[in-house]
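Inspection log for the structure reproduced underneath, given as C-alpha cells.
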C-alpha cells in the first residue's frame, strides 16, 4: 500500500516513537516518501501501512485540540470578555467549546 495523500510522515514517526531516527523524505508534492533510512538507526523503517495507521492515530488523538483552537474566541476577545463580564462568564464561554470537543 502507498502513503495516503494526507499522511504527515514526520508526525507518523513521532507517533511511532521513531522520530529520533535519521531519514530523508523526497521533496515532491504530497504524499512524500522516505527515500533514505539511515542504516545506523536502531529502529527498522516503518511500512507505508504502519505510517498511515500511526498518522490516523495521531490525528484522532489531536483532533479535539485543533477543533477547540478553531472555535475559541481570539485572545483579544477573551480578554475583553473577562474585562466586561468577569472570569466566571469567560469560563462559561470556554466551557461550551470544551464540552463540544471533549478530550478523547
222 nm mean residue ellipticity, helices alone, for the chain (DSSP H n ≥ 4; -39,500 (n - 2.57); rounded to 500): -19000 deg cm²/dmol
If each of residue 88 and residue 74 carries a label point 7 Å out from its Cα toward its Cβ, how far apart are those two points in nm? 2.9 nm
A chain fully extended from residue 4 to residue 103 at 0.36 nm per residue, minus the present Cα-Cα distance, gains in nm 33.1 nm
Between residue 22 and residue 49, what FRET efficiency follows from the Cβ-Cβ distance if R0 is 25 Å, with the result rounded to 0.05? 0.70
Helix 75-100: inclination vs the chain longest Cα principal axis, degrees, rounded to 10, gives 60 degrees
Once the Cα atoms of helix 48-71 and of the chain are each reduced to a long axis, what angle between those two axes, in degrees from 0 to 90 to the nearest 10, is obtained? 10 degrees
Where a label projected 7 Å from the Cα of residue 64 along Cα→Cβ would reach, residues of region 75-104 with amide N under 20 Å: 91-104
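Every read-out reported here was derived from the displayed coordinates using simple, explicitly stated rules and does not represent laboratory data. Keep in mind the model is a prediction, meaning the values are calculated, not measured. Virtual Cβ from ideal backbone geometry, glycine too; neighbours counted across all protein chains shown.
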